[in-house]
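Enquirer: Encoded as structure tokens, here's the structure I'll be asking about.
The values are calculated or read from the model by the stated rules, or taken from the named source; none is laboratory data. As the structure is a prediction and not an experimental result, all values here were calculated from the model. Virtual Cβ from ideal backbone geometry, glycine too; neighbours counted across all protein chains shown. Note: accessible area is taken over every heavy atom of the protein model, side chains too, but ligands, DNA and RNA are not part of it. Shrake-Rupley method; radii C 1.70, N 1.55, O 1.52, S 1.80 Å.
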Amino acid sequence: MNRRAIVLFLILALPLILAAQQLGGGGEAYPRLKTNKESLEKWQDMRFGLFIHWGPVTLRGTEIGWSRGVQVPVADYDSLYQEFNPVLFDAREWVAAAKAAGMKYLVITSKHHDGFSLWDSQQTDYDIMSTPFRRDVLKELSEECARQGVLFCTYYSILDWHHPFYTTRHGDDPRPVKAADMPLYIDFLKKQVAELVRKYKTRLLWFDGQWEDSWTHRNGMDLYAYCRSLDDSLLINNRVDKGRRDERGLTVASQYAGDFGTPEQEIGAFHPDIPWESCITLCRQWAWKPNDTMKSLKECIQTLARTAGGGGNLLLNVGPMPDGRVERRQVDRLGEIGRWLGKYGESIYGTRGGPFKPTEGLASTHKGRRVFIHLFKRPADPLILPEIKGRRVLAAALLGGQKLAVDTAAGQIRVRLPGGPADENDAVIVLEMDGTVEGLESLELPGRAAVNASPAR
Ligand code: H79
């Protein structure tokens, strides 16, 4: 190629190169895959939800799905349901624990990679009705969520290492793939999803296990459109399709389906304009294991504030025990987070991330004319922030507490912090501005590198 041809090629290819790097919720390129903005915004306002990973595998205490054919032999794993009898399961207690934590929605593993269905499914006998328990866990939870005003949502694994028709095997599973048939499996999957939508009134489908070659972009777009045809107000995460390529869980480019990005076990990058949700475990394992290490209250609160400060939701996971209860210490931790939110919830719920880009010591959120500064460690006095162009600070105060002296000079907002932050986990300062902060440009803090990763992982 001569130089002219190369230049011409680059000019022609530029839109493609730019599109490939564009991050999005997904689906903007196709009318049939466009997000329901109203559902999405309501859900974004919730900011905080409970993830629940549960199933017969808790009898072994190993990781759900992943340990099948690895730590637990296939035949052994696949027989655990025969002993699964969580007689102390009480939907009221689970939903009450979520509410006490200040969570507004709940996502439960209806079927994980191990293929076990936690509800009374007409599509399989490998479900909760074949256990000695014989109670429809999803039905009880869905009804209880409706009663207590929590949005009921379901996780569903696209990959299914148990189903004979699914075309990829895992661990030491000896069954030949030859007997598999992906179109038949997809038919089964869609019928199961239809049950979750129609009978269990799930409001959000949290797909997972989309990464194996068995699942294609075409399958993903088709499943997204199918779900929306069942209920147009449903929300569907970006793991429905193959666009989750960005290292922080967002969808790359707009030709992939999915309403929001899904960073896993990390706080998402600062993207106040792209919908995303970090899923993070309260302990280390997704499913319950004895004596798992639990995060401190400080880490939980800061994780929530950093997530909101980056523009995302937090889906915090607990794994209930094989007897049906959530560990006391985990219920207590949830309650402690809820008590913090009782005082500072205004700085989380209904907010969006920024305008100040997060740093190691600080994150910010905003709503209307109010800017909330979350301080994770004692900053220098005065606290110095860049001026928000076109807006004046009318007043500053500790949220729900004393007024703070504030002045603006030479492009800087300076807030006096006599005595340092009042909350060791996250002291929240509120700035009252003279006009809305929505839609303004994000600002870098002077002299501090912007961070957006989880500090301790
Ligand atoms: O359901 C949870 C995980 O099982 C699933 N998604 C969340 C919501 C998941 N998908 N991908 N991954 C997890 C990343 C894979 C991580 C692994 Fe591992 C590291 C697989 C095996 C080693 C995590 C740690 C799972 C088992 C041990």
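Enquirer: In Å and whole numbers, how far do the C-alpha atoms of the chain stretch along each principal axis, longest first?
Expert: 72, 70, 36
Enquirer: What is the magnitude of the charge dipole of the stretch 43-120 about its Cα centre, with +1 placed on the Cβ of each Lys and Arg, -1 on the Cβ of each Asp and Glu, and no other charges, expressed in debye to the nearest 20?
Expert: About 340 debye.
Enquirer: In square nanometres and to one decimal, what's the mean projected area of the convex hull around the Cα atoms of the stretch 66-123?
Expert: Average projection, Cα convex hull of the stretch 66-123: 5.7 nm².
Enquirer: Evaluate E = 1/(1 + (r/R0)^6) for SER79 and ARG169, where r is the Cβ-Cβ distance and R0 equals 25 Å; express this FRET efficiency to the nearest 0.05.
Expert: Plugging the Cβ-Cβ distance into 1/(1 + (r/R0)^6) gives 0.85.
Enquirer: 222 nm [θ] for the chain, helices only, -39500 (n - 2.57) per DSSP H run of 4+, per residue, to 500?
Expert: -8000 deg cm²/dmol
Enquirer: If you don't mind, there's one more thing I want to ask. Treating the stretch 213-257 as a set of equal point scatterers at the Cα positions, no solvent, please give the Debye-formula log₁₀ I(q)/I(0) at q = 0.20, 0.24, 0.26, 0.30 Å⁻¹.
Expert: Here the Debye-derived log intensity ratios amount to -0.62, -0.84, -0.93, -1.09.
Enquirer: Where the eigenvalues come from the Cα gyration tensor of the stretch 385-431, what are the semi-axes √(5λ) of the equivalent ellipsoid, largest first, in whole Å?
Expert: 21, 10, 10
Enquirer: With charges set only on the Cβ (+1 for Lys and Arg, -1 for Asp and Glu), what does the dipole of the stretch 294-407 come to about its Cα centre, in debye to the nearest 20?
Expert: About 280 debye.
Enquirer: Oh, and also: Can you pull the accessible area of LYS289 for me, 1.4 Å probe, Å² to the nearest 10?
Expert: Number for this one is 70 Å².
Enquirer: I've got another one for you. Taking all pairs of different Cα atoms in the stretch 172-314, averaging 1/r and flipping that mean, what Kirkwood radius in angstroms comes out?
Expert: Its Kirkwood hydrodynamic radius stands at 17.0 Å.
Enquirer: Lys/Arg Cβ at +1, Asp/Glu Cβ at -1, dipole of the stretch 1-134 taken about the Cα centre: which of ILE108, ALA97, MET46 is farthest positive-ward?
Expert: Checked the options; the winner is MET46.
Enquirer: Pull up all non-local amide H partners of TRP206: gap of 5 or more, or a different chain, and H-to-H distance under 5 Å with H placed in the peptide plane.
Expert: Those qualifying (amide H under 5 Å, at least 5 residues apart or on another chain) are THR154, TYR155, TYR156.
Enquirer: Still on this model: Would you work out if the stretch 114-204 is rounded, prolate or oblate? Take a ≥ b ≥ c from the square roots of the eigenvalues of the alpha-carbon gyration tensor; rounded if a/c is under 1.5, else prolate when a/b is larger than b/c, oblate otherwise.
Expert: Prolate, because a/c is 1.5 or more and a/b exceeds b/c.
Enquirer: Turning to a different aspect of this structure: Compute log10 of I(q)/I(0) for the stretch 1-145 with the Debye formula, placing one identical point scatterer on every Cα and leaving out solvent, at q = 0.16, 0.18, 0.19 Å⁻¹, to two decimals.
Expert: Computed log10 I(q)/I(0) values: -0.97, -1.09, -1.15.
Enquirer: Sketch the reach of a paramagnetic label on ASP90 as a point 7 Å from Cα along Cα-to-Cβ, and name the residues of the stretch 141-179 whose backbone nitrogen lies under 19 Å away.
Expert: Only 141-150 pass the distance filter.
Enquirer: Give me the percent relative contact order of the stretch 135-286, please, defined on Cα pairs under 8 angstrom at least 6 residues apart.
Expert: 17 percent
Enquirer: With charges set only on the Cβ (+1 for Lys and Arg, -1 for Asp and Glu), what does the dipole of the chain come to about its Cα centre, in debye to the nearest 20?
Expert: 1100 debye
Enquirer: I would also like to ask the following. Give me the Kirkwood hydrodynamic radius of the stretch 261-374, using the inverse of the mean 1/r over all pairs of distinct Cα atoms, in Å to one decimal.
Expert: It works out to 14.7 Å.
Enquirer: Continuing with this model, one more query. Could you give the accessible area per residue of the chain, probe 1.4 Å, as a whole number in Å²?
Expert: With all protein chains present, the chain gives 42 Å² per residue.
Enquirer: Between the stretch 208-262 and the stretch 32-83, what is the C-alpha centre distance in whole Å?
Expert: 17 Å
Enquirer: Now for a different question. Listed here are the pairs LYS111/LYS242; LYS99/LYS289; LYS242/LYS298; LYS34/LYS191; which of them are more than 29 Å apart at the Cα?
Expert: Flagged as over cut-off: LYS242/LYS298.
Enquirer: Within the stretch 113-127, whose backbone N sits under 18 Å from a point 7 Å along Cα→Cβ of ASP187?
Expert: 122-125
Enquirer: Amide H of ASN313: which non-local residues (sequence gap of 5 or more, or other chain) have their own amide H closer than 5 Å, using H built in the peptide plane?
Expert: So ASN313 has HN proximity to TRP276, GLU277, SER278.
Enquirer: Let me ask something additional. Where both residues lie in the chain, what percent of DSSP beta bridges are antiparallel, nearest 5?
Expert: Taking every DSSP beta bridge within the chain, about 50 percent pair in antiparallel fashion.
Enquirer: Please label the shape of the stretch 125-173 as rounded, prolate or oblate, based on the square roots a ≥ b ≥ c of the eigenvalues of the alpha-carbon gyration tensor (a/c under 1.5 means rounded; beyond that, a/b larger than b/c means prolate, else oblate).
Expert: Verdict is oblate for the stretch 125-173.
Enquirer: Sticking with this one: So what is the relative contact order of the stretch 214-269, in percent, for Cα pairs below 8 Å that sit 6 or more residues apart?
Expert: Relative contact order, the stretch 214-269: 32 percent.
Enquirer: Right, here's the next one. Tell me, what is the percent relative contact order of the chain, built from C-alpha pairs under 8 Å that lie six or more residues apart?
Expert: 17 percent
Enquirer: Provide the gained length on full extension for the span ARG147 to ASP323, in nm with one decimal, where the gain is 0.36 nm per separating residue minus the Cα-Cα distance.
Expert: 61.0 nm
Enquirer: Would you work out which of GLY310, GLY268, GLY390 lies farthest towards the positive end of the dipole of the chain? Charges go on Cβ: Lys and Arg +1, Asp and Glu -1.
Expert: Toward the positive end, the furthest listed residue is GLY390.
Enquirer: If DNA, RNA and ligands are ignored and the probe is 1.4 Å, what is the ranking of VAL428, VAL331 by accessible area, most exposed first?
Expert: VAL331, VAL428
Enquirer: Please label the shape of the stretch 232-310 as rounded, prolate or oblate, based on the square roots a ≥ b ≥ c of the eigenvalues of the alpha-carbon gyration tensor (a/c under 1.5 means rounded; beyond that, a/b larger than b/c means prolate, else oblate).
Expert: Prolate, because a/c is 1.5 or more and a/b exceeds b/c.
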